[in-house]
Each structure stands twice: as structure tokens, then as C-alpha cells.
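*Asks:* The structure is given below, and queries will be raised subsequently.
The values are calculated or read from the model by the stated rules, or taken from the named source; none is laboratory data. This structure is a prediction, so every number in the text was calculated from the model and none was measured. Remember, those area values only see protein heavy atoms, side chains included, never the ligands or the DNA or RNA. Shrake-Rupley method; radii C 1.70, N 1.55, O 1.52, S 1.80 Å.
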Amino acid sequence: MKKSNINMGFNNCNERVSIDVASDYCDIVTDERLVNTLQGPTAQEKNVNEPRQGAYVPIQLNESVVRVPTEPRTTRDTCIRLKQHKWPILAFVCGVILTLVIVVPVMVSKSPSTENDDHAGYSFALKFDRKSTHSLRFMSDDNTVLGNTFTKETPNPVNHPEQFNYYKGTIGDRCLTSTSKMYFEIKFSYDILKTLNNNNLVLEVGVASRKQIDSRQFVGNHGWSFTIQNCNTEICLVANQASSNTNTVKILSHSNTAGTFATGRLGFFVNMDRNEFSVIDKDNSKILYTLTKVVSADQLCLAFGVYNPHLLQAKLEIMYSYDFTMVPITNVVA
């Protein structure tokens, strides 16, 4: 009779295993029921162990069958959550990519690594004076590029009642005072279309009386200037002082024939405390030449000329400029 009760107990357990996932829980319940129905420790031990030998296999089989599909639950849950939150995840990934592509380069470009940062407190925007520009010369939209021909970069001819009639160029939009100490850098380029001869001019950077600039096509005749021009079979940089003193400063190109193209950068420093005008070689940061006795009863201005559009294409561009008037210096090497 006791054995029959035990079998009934295990049969109930098997039915519960087919319904519930937790087979171990069923075993615990069966054991408790046997302890309550059997008398004595010996009978309890005998009857409990005896039927479990027959019921052990199906219980383990049922348990394994139930547990197999629950093992990859973590992976499935992860996939479900990824699908539920795919848009926020995509937005986060796109944000990271945009940060790397846009923000980081901008931060790098703004880092204090350029040569201009050392004098940033003295920087000012020197530009060409549009209203003074000769009608046959062309300028960029921002007034920083002057050319002798119409190009995409210099598309604007000038038509103004105050423009020059003789001088083939313009002046700077800031003239000099008796204490001016001004440094600026020019990027130049020229492309020779026909072979040059004599002393054909390419371009000019000078200082001259505002009243006299438009009296000639070349301020080196009455003022102080540095010109790029033809020198026999070469293109050279020449210092000019009222035509009485002309000196070849540097050979820029050993060819003056059609197809010759050159570009470069030159620095200029005007020190009116010492009445000097210097040109600086940007390739080696050395002063190439200094014009002295830069003095006039009239106001002095910077002059910029570009010449001979039928022979070549020439361009001047102001890169940057500094005002060192309040700084106790005699010259600069930039």
C-alpha cells in the first residue's frame, strides 16, 4: 500500500514535469510527500530510493528537452533589444562619425600652430583700395588680389571717379604716418605669354607720395619700390630709389621666354621711425635689401602695380599684415 502511494506520487510528478519547466522543484515536492506518508527512518529510506531508480531517466530527459531552447535566450534578448533601439544606436554612431570627420579637423585647424599666431595681437587687414584702382586692372571680391587680366579670381574691373589714370595698379587702403611700422606679406605669380625684352615690368610694390603716384606708370621713378622685371634673359627682383639707384636684389627665374611660370612670397617692412623700406626673402627669412631716406613732405602710401597684360599674366595677393607702430623694434624677419 505504501509502495502504491509512492508510485502515485511519482506519476503525479511526471505529469507536473510535462507542464512545468522546473523538474527539480517536482522532485522536492515528491520527497516531502513521502516523508509525511512513511513511518520510520528505515522505511522512508527504502521506499524513497526504490522508485527514483525507475523515474530518474524520464525526469532527466524531460528536463533536458525543456532546457535546450532556453540556452540562447540571452542572444535572442540582445537581438530583440537591438531591434527595439536601432534608431538611437544609429544616431549615436552617426554622431561619433560626424565628430571625427568635422569637429576634430576644425579643432586641429584652430590650434595655435601657424606662424601668424605669435603676432596675432598686432594683426590688421591690409587690402587694396578699390576706388583708386586703374580701370584696366582687376580685383577680387574681397580686395586682396590684384591682377592685370580678367580671371576667375580677379573678375572685377573698377569704374570710379577717383581711380588712377596713369599708374597701372592701386594703393593700399591704409597710408603711412610718420611713426608707422608696418609689415605685410605678398604672394606673387606670373605666367609669361611672350618672350620679354628690355626692362619689361612684371609687378611692383612701393612707397610713394600720394599726390605723385598717379603721375607715372611706375613709382620707382619718383618714390621707393621693389619690382619684378626682365633682366636680360632672366627675371629678377630689383630695388629702385627715384631712378637714381637701381640694384638687382635676387634672380627669381633663369628664363624669360613664353611658358615660364613662377610663384613666390615676399615680406615687406616699412619703418618710418628710421625712414626705411625693406624686402624680406620668405625662403630663408633674411632681409634682402633696405631702401633708406624714405621721406616726403606729402603723405606716403603703399603702391602696387601689375604690368604688360599683352606679354604676361601677373597677380599680387596680400596674405597678412601687422602694425608694429607701438612696438620698439627697428626691423623684422618674419
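*Asks:* Determine the principal axes of the Cα atoms in the range 156-195, then give the extent along each, sorted from largest to smallest and rounded to whole angstroms.
*Replies:* So the extents along the principal axes, rounded to whole Å, are 43, 29, 18.
*Asks:* In whole Hz and in residue order, list the ³J(HN,Hα) couplings for the range 179-190 that follow from phi through the Karplus curve 6.51 cos²θ - 1.76 cosθ + 1.60, θ = phi - 60°; x for Gly and Pro.
*Replies:* Running phi through 6.51 cos²θ - 1.76 cosθ + 1.60 with θ = phi - 60° gives 10, 4, 10, 10, 10, 8, 10, 10, 9, 10, 8, 8 Hz.
*Asks:* Measure out, as a whole number of angstrom, how far apart the alpha-carbon centroids of the range 136-186 and the range 276-334 sit.
*Replies:* Taking the Cα centre of the range 276-334 as reference, the centre of the range 136-186 is 14 Å away.
*Asks:* In terms of the Cα gyration tensor, with a ≥ b ≥ c the square roots of its eigenvalues, is the range 236-306 rounded because a/c is under 1.5, prolate because a/b exceeds b/c, or oblate? All intermediate terms of the calculation are to be shown ahead of the outcome.
*Replies:* Details: a/c = 2.16, a/b = 1.76, b/c = 1.23.
Since a/c reaches 1.5 and a/b is larger than b/c, the shape of the range 236-306 is classed as prolate.
*Asks:* Right, here's the next one. Accessible area per residue for the range 203-307 in Å², computed with a 1.4 Å probe and the full protein assembly in place, what is it? Present the calculation step by step, with values, prior to reporting the outcome.
*Replies:* On the way: 4280 Å² over 105 residues.
With the other protein chains kept in place, the range 203-307 gives 41 Å² per residue.
*Asks:* Can you check how the C-alpha radius of gyration of the range 171-330 compares to 2.2 N^0.38 Å, as a plain ratio? Display every interim value, and only then the final one.
*Replies:* Details: Rg = 15.2 Å, N = 160, 2.2 N^0.38 = 15.1 Å.
Against the compact-globule rule of thumb, the ratio is 1.00.
*Asks:* Output wanted: per-residue J couplings in Hz (rounded whole) for the range 162-174, from phi through Karplus 6.51 cos²θ - 1.76 cosθ + 1.60, θ = phi - 60°, x for Gly and Pro.
*Replies:* Whole-Hz 3J(HN,Hα) from phi for the range 162-174: 9, 6, 5, 9, 10, 6, 7, x, 7, 10, x, 7, 10.
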